C-alpha cells in the first residue's frame, strides 16, 4: 500500500491496527545517499571499533534523507502469515512559515541507482509525508500554547469583555479603537485567519457564552489536528515503538540510525547513549544479515545480500514461508523482483526471517515447522545489528557491552602518501600473510597472521625513516584522550562466544571461528542493499591515483598468499 | 524544447546554431536550494560589501545543484524576434566507476516550492544531462590517454607482435600464456570490453595492419564520444562563452555563480578572481533587475520581480516586443504563466530586456522603435549584476572595481542576544530616524539619518556596559586582517554616478539618488524569483525567539519614523 501525504490520515487506522495485530514487523528505508565524506572503504575500516563506526556513520551518513520507509506486518493465522505492506513516502515539507527548513544531502550515485530502479522522486517531493522529531513536536506544541496565551490573556478564553483592555493584546494598535467601538455586551470572538493566498485577516463575531465555548473547543481541535499533521510520519514510528513488537531488518544499522535521527532525536554523541535511545525506540530488533552470517546459517548461506539470501532460503534445507496478502493490499511476487522499493525489501526481509526461524525448529525434538517470533530460539539474535566489514566484531550489541576482540596481531602503520597496498605487502613480506585495512592516504592497519611476529616487525622498523609502526595497543593509547572510557564495560572476544544458540552447534563451527566470515562473504552486489548502490562507487576521477590504490585494495579482507 | 540525456546529443546542433545566429541570449537556472547556513536575512545584510556578499554566497549557496537551465535565444528578423527556448535538465550522473560522485544539498522549502509549481524531479534524476567542469574534463582526458599508453606501450597502437611481450602489459598474468599460445604472425587486436551487465571481458581478434588501424581509429572515436558525453551539458556553456553573445538574466548573480561553479571551475576565493573568470565565461552580461531599478526605468516600475516586471513592461509607456516562436519549438503564452520553469523564465527575461531596450530608443532624435542588443544605449548596463538588499551598492561590477559608498553615518553595534530591533530604536531614539541591518544575534549595523549625529552617539555610549558602538571605519579596521586589500582599486561612490546613460537623464533623478531604491522596492514576492521561493522562508520553528525577532526586522530597509 502506497502512503503519501494525500492518504496518510485516512490510512493511519489501517497502519495502527496492522501493527497492533502483528506477530512481528519488518522495516526498510531508502536514503538519498550514504556518505558525504570519505568513500565507503574509508568509512568502513575493517578494524573500526563499534564506537568509531558509530561515530563515522553519525558524522557522514545522517545528513541524507530517509525518504521512503517500508513497513511489512506479519500476522500468523492458521498455518500462514498474513502480510500487510506499506510504502511510506517521506518529505520534510515545511508546514508553516516558522517550521524548520530542513536541508539534506543527495549523493549522485545513490540517486542514480534509485532512478535506475524506477524510484518515483516526484512522489517523494510532491506528496511526501512530513514529520517532526520529539523536540520539534514539543516546540510546536509550546508555540500553539504561547499563541493561545497571547491572544487570550489568561490563556483560557478568546472571549473579550467590553471593559477588559488587556484582552486586546493581540489586536494591532490601529484597530483597537474600531474593535472597542463595535463591541457588544454579549462578547466578541476575535480570530486571526488566513485566506488561501496566505493573506491574514481578522474575523470578529458576536457570540454568546455557549457559542464562545463551542468555538474555543473547535479551535483547539483544529490546532490539535494541525499538530498531528505536522508530527506526520513520526506517529507511525511512535506506534511501532509503543507496540514493543519484534522489528526485523536486513543490515539494519543505518535504517535504525536514520529512523531515530529523523523521527526521534538528533543522535547522541556517545554510543552507549545511542544504544539506550535505540532500546527505547525499538525494544526488540533482529537483523537478518547478522542471523544469516551466524551459525547454523553461516555454513549454508554463501551470499547474504538480501536478494541472494531470499533466493537461497527458498531452497532446501530451508522452506519458503507460507504467506497470504491481506485483503485490500497489493501482493508482491518474489519472482518479479522489486528490490530497493522499501516496502518490497521489508517484505522479503520478513520472509527471510521466517525461513531462518523455522529452520531452527528442525533442531528441536520433535522438530517444529513453525517457530513464532516470540520463541526463545530466536532470542540470541535480538538486538545485535550487523557491522559491515569489521573483521573481528560481527555486530553492534544494542542491549549490552560490545565484544572487544584481541588485536595483538594488529599493527598501525604510517607512511608516505605515495605508498600503495603492494608497498605494505613488500614491507611485511618476511612475516607471512598479512591483511591490510586502509585508514587514509598515509596510514593503515596491518594484521599479521601470527601474533609472535609482532615484536620482530616492531624491532625491524625501529630505524626506519619513511614509515612508522605502532602496536594496536600503542595506537589506542595515543587516542586515549578521545576514547577514555573505551575499556569500560567491555566483554572479551572469544571468552564465551558471541552468540549462544539454544540448538546444538554444528561441530567445528563454534562461534569463535566466525570472525572472518562477514567480510569474506561480501561481494559488490550485496553491499548495495542498504544503500541504493552507493557502496559500489569507486573514488572520483580526480583521484585517479587513489582509484588505482583502491583497486589494489580489493584484496583487503583476504589473507593474501605471497 | 525539453532537453534531457535522452535527446541531448541529437539536439546539440540545434542548440549550437540557435546560439550562433542569435542577437542575444537569455538564461535562467533553477536550484535545489539557496542557503545551507544562515537564513536569507542574515545571508543578505544591507551593508554587506561586495566581497562579503560574494563570500557568503560562495560559502552557503554553491553546494546546491543547478538542475534546470533555461536558455532562450533571440534573433531579430524583419520587425520581430524569432525565439528558441531550451529547457535543459541537469544531473551529475556518474558516467563510469571512477567518475566523481557529486553530493549536493536540497533545501526543503525550495524543493517544496518547485514541487508546487509542477517541477518534474523524475526528469532531472532519471534523465538529467551530466556535466564536467574543466578540471574534471582534463583529468578524464588524461585518464583515457594513460589507459591508451598502458595498453599499447608506446601509446600509438594496440597491435601486439608475437615477440613483443611488453605489449601484454594490460593482460592479466594468468592469461598471458594463453594469449601467447594463440597469437598469429599477422597480429592480434586485444580489447577489454564490457557486457550490458558491466562484466568485463577481453576480445581478441586476428587482424591485418589495415584492419588494425581502422579499429584503432574506431576506438579513439569511441573514446572521444565517451568524453563528449561526460562533458555533457558543459558543452552548451562553452558554446555560449565562445559566441561572445550578450547574455541576459534577471537577478542573475546566483545563476552566474552556479553556472561557473558547476560547469567551469570551483569558484575562486577572491572576488576579483571571480570577476576575471566571469568575464571569461560570460564576456557580456546584462541583468534586467538591475536595469529595471535604474533610471529611467526606476521611476516607472514599482515592482521588479520578474513576473511583475514582465506585466508592467506590456503597458504604456513600454511596448510588448514582437516575437515569433521558431518552427519546431513549443511556444509559451505569457498569459498562462509558467514561472519557475527555467526556459519560461529565460524567455520572459528576454522579453523584459527588449521592452526596456526599445524604450531607451524613444529618447533618441528621431525616436527609434527597435534597439538592437549591440546598441551603445545598452552598454551602460553591461556586466553589472544586481546585488539584492544592499542599501547603498546596487550592483556587482564584473568588469571593474566596485562602488565604495561612504558609510560615515553607519554604526556597528554589539549587544546582548536578548535585544530586539525595538531595543535599538529605543537606544538611538535621540538621533532621529535610524535604519537597522542585523548581522547576527548580538550585532547589527545602525544607519543614522545624519552623519553629524555619529560623534554624539559615540560619546553617549562611552560608559555603556551592555552594548558597544563602533564607527563603520573602526569596524572595518577591526576586520582589516581579513580584508587587507579592501581599499585597493575602489571607486568612490557618487563621484560621477555609477551609470552614465547615453540618453538625457530625467531632472531630479540623478544616478546619485538611486542608492536606496533596490531594497525599498523589494517585496516578499519578488525575492522568490531566483530561488524557488526559498527567500521567503522564515527561520525554523526551533528558533521561535529569533522568529519573532525577524518579524520585527521587517522594518529593515525603511526609515523608521520615531
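Yes or no: residue A:86 within 14 Å of chain B (Cβ to nearest Cβ), more than 16 Å from the chain's Cα centre (by Cα) and over 20 Å from residue A:274 (Cα atoms)?
No.
Only one of (1) more than 7 Å from chain B (Cβ to nearest Cβ); (2) in a loop (DSSP other than H, G, I, E, B); (3) touching a helix residue (DSSP H, G or I) at 6+ places or on another chain (Cβ under 8 Å) is not met by residue A:118, so which one is it?
So residue A:118 meets the others, but not (3).
Kindly evaluate residue B:333 against the criterion of being free of Cβ contacts under 8 Å to residues at least 60 places away in the same chain, assigned by the TED database to the domain that holds residue B:15 and under 24 Å from the mean Cα position of the chain (by Cα).
In short, no.
Among the residues in the stretch B:12-25, are any assigned to a strand (DSSP E or B) and either closer than 24 Å to residue B:281 by Cβ or away from every other protein chain (no Cβ under 14 Å) (or both)? Steps first, answer last, please.
Step one: of the stretch B:12-25, the residues assigned to a strand (DSSP E or B) are B:24-25.
Among the residues that remain, those that are also either closer than 24 Å to residue B:281 by Cβ or away from every other protein chain (no Cβ under 14 Å) (or both) are: B:24-25.
Scanning the stretch B:12-25, I find at least one residue that is assigned to a strand (DSSP E or B) and either closer than 24 Å to residue B:281 by Cβ or away from every other protein chain (no Cβ under 14 Å) (or both), so the answer is yes.
Against the condition in contact with a helix residue (DSSP H, G or I) (Cβ under 7 Å, 6 or more places away or on another chain), assigned to a helix (DSSP H, G or I) and crowded, with 24+ Cβ neighbours inside 10 Å, how does residue B:260 come out, does it pass?
no
In this structure, is residue A:248 under 20 Å from residue A:102 (Cβ atoms), in the same structural domain as residue A:348 (by the TED database) and not in a helix (DSSP H, G or I)? Even if it seems obvious, please write down each step before you answer.
Working: under 20 Å from residue A:102 (Cβ atoms): no; in the same structural domain as residue A:348 (by the TED database): yes; not in a helix (DSSP H, G or I): yes.
No: the conditions fail for residue A:248.
Looking only at the stretch B:120-135, count how many residues are surrounded by fewer than 22 Cβ atoms within 10 Å (Cβ to Cβ) and touching a residue at least 60 places away in the same chain (Cβ under 8 Å).
Adding up the residues that qualify gives 5.
Out of the stretch B:70-83, which residues are in a strand (DSSP E or B) and either over 30 Å from residue B:45 (Cβ atoms) or within 14 Å of another protein chain (Cβ to nearest Cβ) (or both)? Reasoning before the result, please.
First, the residues of the stretch B:70-83 that are in a strand (DSSP E or B): B:70-77, B:80-83.
Once the filter is applied, which keeps residues that are in a strand (DSSP E or B) and either over 30 Å from residue B:45 (Cβ atoms) or within 14 Å of another protein chain (Cβ to nearest Cβ) (or both), the stretch B:70-83 yields B:71, B:72, B:73, B:74, B:75, B:76, B:77, B:80, B:81, B:82, B:83.
Which of the residues belonging to the stretch A:56-69 are away from every other protein chain (no Cβ under 14 Å), in contact (Cβ under 8 Å) with a residue 40 or more places away in the chain and surrounded by fewer than 24 Cβ atoms within 10 Å (Cβ to Cβ)?
A:57, A:58
Would you mind listing the helices (runs of 4 or more DSSP H) fully within the stretch B:267-316 where at least 1 residues are within 20 Å of residue B:379 (Cα to Cα) and free of Cβ contacts under 8 Å to residues at least 24 places away in the same chain?
By residue number, B:271-281.
Mind checking whether some residue in the stretch B:330-344 is in contact with a strand residue (DSSP E or B) (Cβ under 6 Å, 6 or more places away or on another chain), crowded, with 18+ Cβ neighbours inside 10 Å, at positive phi and in a loop (DSSP other than H, G, I, E, B)?
No.
May I ask you to list the residues in the stretch B:96-115 that are within 7 Å of another protein chain (Cβ to nearest Cβ) and not in a strand (DSSP E or B)?
Keep residues of the stretch B:96-115 that are within 7 Å of another protein chain (Cβ to nearest Cβ), which gives B:97-109, B:111-112, B:115.
Once the filter is applied, which keeps residues that are within 7 Å of another protein chain (Cβ to nearest Cβ) and not in a strand (DSSP E or B), the stretch B:96-115 yields B:97, B:98, B:99, B:100, B:101, B:102, B:108, B:109, B:111, B:112, B:115.
Based on this model, can you work out whether residue A:93 counts as in contact with a strand residue (DSSP E or B) (Cβ under 8 Å, 6 or more places away or on another chain), crowded, with 19+ Cβ neighbours inside 10 Å and either facing chain B (nearest Cβ under 10 Å) or at pLDDT 95 or above (or both)? First the steps, then the outcome.
Values: in contact with a strand residue (DSSP E or B) (Cβ under 8 Å, 6 or more places away or on another chain): no; crowded, with 19+ Cβ neighbours inside 10 Å: yes; either facing chain B (nearest Cβ under 10 Å) or at pLDDT 95 or above (or both): yes.
Here the answer is no, as residue A:93 does not meet what is asked.
How about the stretch B:26-45: which of its residues are surrounded by 23 or more Cβ atoms within 10 Å (Cβ to Cβ) and either part of a helix (DSSP H, G or I) or more than 14 Å from chain A (Cβ to nearest Cβ) (or both)?
Once the filter is applied, which keeps residues that are surrounded by 23 or more Cβ atoms within 10 Å (Cβ to Cβ) and either part of a helix (DSSP H, G or I) or more than 14 Å from chain A (Cβ to nearest Cβ) (or both), the stretch B:26-45 yields B:26, B:27, B:28, B:29.
Quick one: which residue in A:210, A:216, A:226 is at pLDDT 75 or above and either under 30 Å from residue A:103 (Cα atoms) or touching a helix residue (DSSP H, G or I) at 6+ places or on another chain (Cβ under 8 Å) (or both)?
Of the residues listed, the single one that is at pLDDT 75 or above and either under 30 Å from residue A:103 (Cα atoms) or touching a helix residue (DSSP H, G or I) at 6+ places or on another chain (Cβ under 8 Å) (or both) is A:226.
The values are calculated or read from the model by the stated rules, or taken from the named source; none is laboratory data. Here the structure is a predicted model, which means the values were calculated and not measured. Please note: Cβ atoms are built from the backbone with ideal geometry, for glycine as well, and neighbour counts cover all protein chains shown.
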